[in-house]
Amino acid sequence: MSKEEEKNKEVAAEENMATEQTAEETTETVEEVSNEEKLENDLAVEKDKFLRLFAEFENYKRRTSKERVELFKTAGQDIMVSMLPVLDDFDRALNEISKTEDKELFKGVELINNKLRNTLQGKGLEAVEAKAGDVFDADLHEAITQIPAPSDDLKGKIVDVIEKGYKLGERVIRHPKVIVGQ
């Protein structure tokens with residue numbers, strides 16, 4: 001072989017090596033870019049998971065806090081409901097005692113009644129106001145019967161209250177039982 005051919009072979013070999021190096025560098029660059037993109041995608045997915053988990057936890061905290069406040073407001077609801085017949089009995093007793101001549105007995109029972117009512121009001125019990133002539137509200141009152149209205153202005157209104165209603169905080173624990181005019 002001539003020197004020129006050997007030189008051409010050497011040049012060709014060098015060019016092949018340079019081409020191979022360039023191909024390897026290109027492959028490494030492509031791999032680096034794809035790895036970088038993959039890492040960025042993984043990071044975005046993990047950020048999304050974190051944000052969703054954080055939002056879910058915040059909703060959980062808010063919901064349990066609200067439930068706890070509601071529980072404290074109505075913690076004594078069972079006791080209050082069981083005391084309502086006692087309040088009804090006091091009302092009936094005061095009504096009957098007021099008809100007698102014994103004013104001392106009336107004052108004594110009235111003092112006990114007021115003390116019990118004030119104690120229960122301190123715990124959040126309130127009477128639901130309902131009286132004859134008020135407009136009947138199905139969300140607030142419980143109609144036990146309807147009678148022909150004694151006058152035209154009592155149609156669709158409360159004619160009589162049979163049993164008082166009570167609410168504990170904002171929740172009605174017993175609806176007033178009323179008679180409605182037709």
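Heavy-atom accessible area per residue, the chain, 1.4 Å probe: how many Å²?
Values: 14190 Å² over 182 residues.
Per-residue value: 78 Å².
Quick test of the membrane-span-like rule: which DSSP H helices of the chain reach at least 27 Å along their long axis (C-alpha atoms) with mean Kyte hydropathy at least 0.0?
On the way: long enough: 3-73 (104 Å, -1.33); 77-97 (30 Å, 0.28); 103-122 (28 Å, -0.60).
What comes out of the filter, once short or polar helices are dropped, is 77-97.
Quick one: grab the alpha carbon gyration tensor of region 84-166, order the square roots of its eigenvalues as a ≥ b ≥ c, and give me rounded if a/c is under 1.5, else prolate or oblate depending on whether a/b is larger than b/c.
On the way: a/c = 3.26, a/b = 1.63, b/c = 1.99.
Oblate is the answer for region 84-166, as a/c is 1.5 or above yet b/c matches or exceeds a/b.
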Exercise for the section: Quick one: grab the alpha carbon gyration tensor of the chain, order the square roots of its eigenvalues as a ≥ b ≥ c, and give me rounded if a/c is under 1.5, else prolate or oblate depending on whether a/b is larger than b/c. Expected result: prolate
Practice task
Let me know the shape class of region 49-123, please: from the alpha-carbon gyration tensor, a ≥ b ≥ c as square roots of the eigenvalues, rounded when a/c is under 1.5, otherwise prolate if a/b is greater than b/c, or oblate.
Solution key: prolate
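Using a probe of 1.4 angstrom, how much of the accessible area of the chain is carbon and sulfur, in percent? Let's see the in-between values first.
Values: 7620 of 14190 Å².
Result for the chain: 54 percent of the exposed heavy-atom area is carbon or sulfur.
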Completion exercise
Per GNM of the chain with C-alpha springs under 10 angstrom, the most fluctuating residue out of D78, D89, D42 is D42
Problem - Cα-based reach from K99 at 18 Å (exclusive), listing aspartates and glutamates while leaving out same-chain residues under 8 positions away - result: D88, D89, D91, E110
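Where does the charge balance sit around F90 when Lys and Arg score +1, Asp and Glu -1, over other residues with C-beta under 10 Å from its C-beta?
Numbers: positive: R92, R117; negative: D88, D89, D91, E110.
Here the count lands on -2.
Mind checking region 84-182 for GluC sites (Glu not before Pro) that DSSP puts in a loop (not H, G, I, E or B) and that have at most 16 other Cβ atoms within 10 Å? Each step should come with its number before you reach the end.
Values: sites: E96, E101, E104, E110, E126, E129, E142, E163, E170; in loops: E101, E129, E170.
Counting only loop positions with at most 16 other Cβ atoms within 10 Å, the GluC sites (Glu not before Pro) in region 84-182 are E101, E129, E170.
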Problem - Rounded FRET efficiency, nearest 0.05, which uses the C-beta distance separating K107 from K61 and R0 of 45 Å - result: 0.30
Problem - Per-residue [θ]222 nm for the chain (sum of -39500 (n - 2.57) over DSSP H runs n ≥ 4, rounded to 500) - result: -22500 deg cm²/dmol
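The values are calculated or read from the model by the stated rules, or taken from the named source; none is laboratory data. Note that the structure is predicted; figures quoted are calculated from it, not measured. Neighbour counts run over all protein chains shown; Cβ positions are idealised from the backbone, glycine included. Quick note on the areas: whole protein, heavy atoms, side chains included, nothing else; ligands and nucleic acids left out. Shrake-Rupley method; radii C 1.70, N 1.55, O 1.52, S 1.80 Å.
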